[in-house]
Amino acid sequence: MNRRLLFRGVRTRLLLVVVGALTVALALASVGFNVLLAHAGSKDANTLLQSRASSELALIRVTGDTIKVNETHDDPLGDSRVWIFRGTRVVEHPHARAETDAAAAALAAGPTRFFNVPDSEERLLAVPIVDHGRRVGTLVTGISLAPYHHTQRTALIASLTVFILVLVFAAGAAWWLLRSALRPVAQMTVQAETWSEEDLDRRFAAGEPHDELTRLARTLDGLLDRLAASLRHERRFSAEVSHELRTPLAKLMAEAELALRRERSESEYRESLQAVLRNAQQIERIVETLVAAAQHVIQPQGVADAYEVAEAVVAAYSDDASSRGVDLQLVDSNGLVRVGVDQDIAERILHPVIENALRYGRGEVRVRVARNGSAVLFAVDDNGPGVTPDEQEAIFEPAVRGSAGQSTQSGAGLGLALSRRLARAVSGDVEAHPGARGHFVVRLPAA
């Protein structure tokens, strides 16, 4: 299994490809070199034989039917590899092996040609002896091929040695280059393996892309940005669903438990079921609103009575306000004020703001509705500690609570963030005004 994994590595496969291609190239070069060397040696041997034959023919004199040879002191005929035949009868011959003599005799009276003596490192050249256009005999000259074969063997050994050395050096160089080139990939792999799902801000940070690897790192960083944004979006959606459904689910369970606690009349059961239905419908509206917000499909459409929106939210928190000992009141507005947003969305925007006022108010919360030009303002005031200028914007970040909430574990710090996000999705906003008392303003487009 380890061997399989070893050969599956990109670096190993690239190295094998490089070494394989280099092996083929060097093998072809070595074969080509030795073939060319053998051809050149054979051509040199032939040229030398022809030169010797020409020199020997210049020493031959033909008188009638007699062939005479003028020997020189430097190269006596008996010491050279030269045979002279008249017809098929040998006139002169050197001291040679019987196989060589037989091969030379076989060339007599034949055409001009080269012949390699079998089982011997000798080559012969047969040349006709012509006198006045009449062939009178044959000159056969020979040469030993041993020096040429020795040179070829030496060249073959040398080329194989060079082949092996170059292959080893090239393989080592290729391994080093591939290792250096792919080291950033290995480092990126190690980095990615150490990151967990909590490390959403970790990146490869390879700098400006200038080659394939840095472009890969930039692409992966972009992919990680999108994945991190998607994961944060998913976590925020889960947290917001949990946050928004907590109160209506608690009411739903309380109403059901109360109905089951003792026997009731038909009308009482009907009232309980109607309360359960109202809470279930509220849950449905909450889920639809949150899903729409998560999918970025909320549009500032629809018209609602702003006072009815505030009245519905205040009524939803009336029990909570009583249990906290807080006087929650909706101040009457003058005239009809319409908001250019669906009532469900407007209520969902206002819910977290009033819930926040009840959590930190010290006995009094007032909600007011008024029109201001092209906007409808929902002002929520409480006699709590208020917010400081430093935390005026920070409290709208998810999971961030102001200084007043640091001493208590209530609240997850998600409500105000959701409220502002929904408000801005419909061209509105939620603002906190710093001061000694709590003062929040929800601004939505007027109809």
| request: Please give the number of the condition Thr100 fails out of (1) under 30 Å from Ser159 (Cα atoms); (2) surrounded by 19 or more Cβ atoms within 10 Å (Cβ to Cβ); (3) not hydrophobic (A, V, I, L, M, F, W, C). | output: (1)
| request: Kindly state which helices (runs of 4 or more DSSP H) lie completely within region 250-351 and contain at least 1 residues that are at pLDDT below 80 and open to solvent by 40 Å² or more (accessible area, probe 1.4 Å). | output: 266-294
| task | Among the numbered conditions (1) open to solvent by 100 Å² or more (accessible area, probe 1.4 Å); (2) under 26 Å from Thr23 (Cβ atoms); (3) of a type outside the set (Phe, Trp, Tyr), tell me where Arg202 comes up short. | result | (2)
| Every residue from region 419-435 that is part of a loop (DSSP other than H, G, I, E, B) and over 15 Å from Ser374 (Cα atoms) | His433, Pro434, Gly435
| task | Taking the options Val190, Val168, name whichever one is over 30 Å from Gly415 (Cβ atoms), open to solvent by 90 Å² or more (accessible area, probe 1.4 Å) and of a type in the set (Val, Ile, Thr). | result | Val168
| message | Pull out all pairs, ordered by first then second residue, where Cβ-Cβ is under 7 Å, the residues are six or more apart or on different chains, the first lies in region 245-274 and is over 24 Å from Ala312 (Cα atoms), and the second is among the hydrophobic types (A, V, I, L, M, F, W, C) and at pLDDT 80 or above. | response | none
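Residue by residue, here is whether (1) out of contact with any helix residue (DSSP H, G or I) (no Cβ under 9 Å at 6 or more places or on another chain); (2) closer than 22 Å to Ala29 by Cβ; (3) of a type in the set (Val, Ile, Thr) holds:
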site	(1), (2), (3)
Phe114	no, no, no
Glu121	no, no, no
Ala126	no, no, no
Val140	no, no, yes
Val168	yes, yes, yes
Ser180	yes, no, no
| region 28-39, residues that are open to solvent by less than 40 Å² (accessible area, probe 1.4 Å) and either hydrophobic (A, V, I, L, M, F, W, C) or in contact with a Lys or Arg (Cβ under 9 Å, 6 or more places away or on another chain) (or both) | Ala38
| field | Answer residue from region 154-195, given it is closer than 18 Å to Leu216 by Cβ and among the hydroxyl-bearing types (Ser, Thr, Tyr) and is farthest from the chain's Cα centre (by Cα) among those | value | Ser180
| note | Counted residues in region 182-221 being free of Cβ contacts under 8 Å to residues at least 24 places away in the same chain and outside any helix (DSSP H, G or I) come to 14
| query | Mind checking which residues of region 317-339 are among the hydrophobic types (A, V, I, L, M, F, W, C), without any contact (Cβ under 8 Å) to a residue 40 or more places away in the chain and out of contact with any Leu (no Cβ under 8 Å at 6 or more places or on another chain)? | reply | Leu330, Val331, Leu336
| Given the conditions (1) modelled with pLDDT under 85; (2) over 41 Å from the mean Cα position of the chain (by Cα), and given that Thr388 satisfies all but one, which numbered condition is not satisfied? | (1)
| Can you spot a residue in region 240-248 that is open to solvent by 50 Å² or more (accessible area, probe 1.4 Å), assigned to a helix (DSSP H, G or I) and either at pLDDT below 80 or more than 24 Å from Leu200 (Cβ to Cβ) (or both)? | yes
| message | Taking the conditions exactly as written (at pLDDT 85 or above and out of contact with any Leu (no Cβ under 9 Å at 6 or more places or on another chain)), does Val19 satisfy them or not? | response | no
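The values are calculated or read from the model by the stated rules, or taken from the named source; none is laboratory data. Quantities reported herein were computed from a predicted structural model and do not represent experimental measurements. Please note: Cβ atoms are built from the backbone with ideal geometry, for glycine as well, and neighbour counts cover all protein chains shown. What goes into the accessible areas is simple: the full protein's heavy atoms, side chains included, and nothing from ligands, DNA or RNA. Shrake-Rupley method; radii C 1.70, N 1.55, O 1.52, S 1.80 Å.
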